[in-house]
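Enquirer: Please read through the structure below; I'll follow up with questions.
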Amino acid sequence: MSWILAATLFSFIRLFGVEEESSFSLVDSGIKIGELILVQGIIVGIAFGLGFGLLDLLLEGKWLRKYSYWAIIVFRTIVHIVFTIILLSTSILVVHIWMGDPLNETAWELLIETLSTRTALVILVYTGVVSILFNLIRQMNAMFGPGILFKIIIGKYHRPQEENRIFMFLDLKSSTTYAERLGHILYSELIQDCFYDLTDTVQQHNVEIYQYVGDEAVLTWRIQDGMLKNHCLEAFFSFEDTIQRRANYYFNKYDLVPAFKAGVNLGLVMAAEVGVIKKEIAYHSDVLNTAARIQGECNRLGKPLLISQAVLDQMPNNNGFVVENVGEVSLKGKQQRINLYSVSKKESVEHLYEFSE
């Protein structure tokens, strides 16, 4: 859709008002400029949009994620310009075959002649500029988190709003030990690798990343999104599976395979846009403090994933999960004790049982 709009804008800039020029040859042929702008924009936009969309899918590999933003933007822009040249060349050759060869030119001569025109140069420059703009927005969206940039632009949280949300505090186990053993450089690379591997989980389970704090990530969902297919629980096990699939990589580079623990809670929070120089959307509520405290109980109870009673009550079903009540716990800073539950995957428990047998 963005490329359809961009192509329509290009047609508008190039053609609108051109009928006022006496030398414009299409005036006598009865072609309406408005229709030409619209049709040209839609056809060219669909061609570019589909082509660039497929290219972006191919360029979504993990190998590209680790490069800096400017390198990704430059690389994508170059790919888009090359694709534009290929698309222009293909269209010229198709027209050449369709209409024949009235000027007695070979296809190659026609191709070189057309691509060396000022119009072709304008198209390539325009494509490059729009591609840089789109890729810049894409990377900014990735930097803020999916959907956050749009919410900031439209001012959705300019005034604080109440929202029902789920929060997961995801933390690296034995982080102090790892930091001492690896040193600050390797330890930083370990954190980078872990959160790179979190990307697939974020995309698969509708996760919004609220914050990265040291070796901890704070994930959030609207309640309806997080409870859909139990995304707020499946995300943890999906991330675990990703780490295990790359266990050889971690062991070879760091001589360890990282493991994470998580605490999950939900409830009413206030969402507000904060900051002027550096804007972000902040959530304020005891719900977050409780989620952090729940995660803090994981080590003491020896459980990788703990959830509150509120989360359990909202779960549409616990099919595929083993939910165990670990009892009422007194959390630091809270007077009232709360019920906590550990959650594990059924297949994981069955696998461990079969192994012990």
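The values are calculated or read from the model by the stated rules, or taken from the named source; none is laboratory data. This one's a predicted model, so the numbers in the text were calculated from it and none came from an experiment. A quick note on method: Cβ atoms are made from the backbone with ideal geometry, for glycine too, and the neighbour counts reach across all protein chains shown. When the accessible area is computed, the model is the full protein with side chains, heavy atoms only, and any ligands, DNA or RNA have been set aside. Shrake-Rupley method; radii C 1.70, N 1.55, O 1.52, S 1.80 Å.
Enquirer: Only residues that are open to solvent by 40 Å² or more (accessible area, probe 1.4 Å) and β-branched (Val, Ile, Thr): list them for the stretch 121-140, please.
Expert: Passing the criteria: Val122, Val125, Val129, Ile132, Ile137.
Enquirer: May I ask you to list the residues in the stretch 88-130 that are among the aliphatic types (A, V, I, L, M), outside any loop (DSSP other than H, G, I, E, B) and at pLDDT below 80?
Expert: Residues satisfying the conditions are Leu88, Ile92, Leu93, Val94, Val95, Ile97, Met99, Ala107, Leu110, Leu111, Ile112, Leu115.
Enquirer: Oh, and also: Could you say whether any residue in the stretch 307-316 is touching a Cys at 6+ places or on another chain (Cβ under 8 Å), open to solvent by less than 10 Å² (accessible area, probe 1.4 Å) and assigned to a helix (DSSP H, G or I)?
Expert: Yes.
Enquirer: Something else about it: Between Leu36, Leu64, which is over 30 Å from Asp193 (Cβ atoms), in a helix (DSSP H, G or I), modelled with pLDDT under 75 and open to solvent by less than 100 Å² (accessible area, probe 1.4 Å)?
Expert: Leu36
Enquirer: All but one of (1) open to solvent by less than 60 Å² (accessible area, probe 1.4 Å); (2) free of Cβ contacts under 8 Å to residues at least 60 places away in the same chain; (3) in contact with a strand residue (DSSP E or B) (Cβ under 6 Å, 6 or more places away or on another chain) hold for Gln211; state the number of the condition that does not hold.
Expert: (1)
Enquirer: Let me ask something additional. Can you find a residue that is closer than 30 Å to Ile148 by Cα, free of Cβ contacts under 8 Å to residues at least 12 places away in the same chain and under 26 Å from the mean Cα position of the chain (by Cα) anywhere in the stretch 256-275?
Expert: yes
Enquirer: Pick from Ile294, Ile281: which is modelled with pLDDT under 90 and buried (at least 18 other Cβ atoms within 10 Å of the Cβ)?
Expert: None of the others qualify; the one that does is Ile281.
Enquirer: Then there's this: So which residues in the stretch 320-357 are at pLDDT below 80 and β-branched (Val, Ile, Thr), if there are any at all?
Expert: Those that are at pLDDT below 80 and β-branched (Val, Ile, Thr): Val329, Val349.
Enquirer: Hey, another quick one. If you check every pair at least six apart or on different chains, which have Cβ atoms under 6 Å apart with a residue in the stretch 194-208 that is of a type in the set (S, T, N, Q) first and a residue that is in a helix (DSSP H, G or I) second?
Expert: Thr201/Ala235; Thr201/Ser238; Thr201/Phe239; Asn206/Asp225; Asn206/His231
Enquirer: Can you tell me which of Asp255, Asp225 is at pLDDT below 95, among the acidic types (Asp, Glu) and within 19 Å of Leu182 (Cβ to Cβ)?
Expert: Step by step, each of Asp255, Asp225 is checked, and only Asp255 is at pLDDT below 95, among the acidic types (Asp, Glu) and within 19 Å of Leu182 (Cβ to Cβ).
Enquirer: Here's a follow-up. Just the residues that are open to solvent by less than 60 Å² (accessible area, probe 1.4 Å) and part of a helix (DSSP H, G or I), please, taken from the stretch 297-306.
Expert: Matches in the stretch 297-306: Cys298, Leu301.
Enquirer: Consider Thr177 carefully, then state whether it is without any contact (Cβ under 8 Å) to a residue 60 or more places away in the chain and surrounded by 14 or more Cβ atoms within 10 Å (Cβ to Cβ).
Expert: no
Enquirer: Then there's this: Considering the stretch 214-236 alone, what residues qualify as being open to solvent by 20 Å² or more (accessible area, probe 1.4 Å) and more than 21 Å from Lys151 (Cβ to Cβ)?
Expert: Gly214, Asp215, Glu216, Lys229, Glu234
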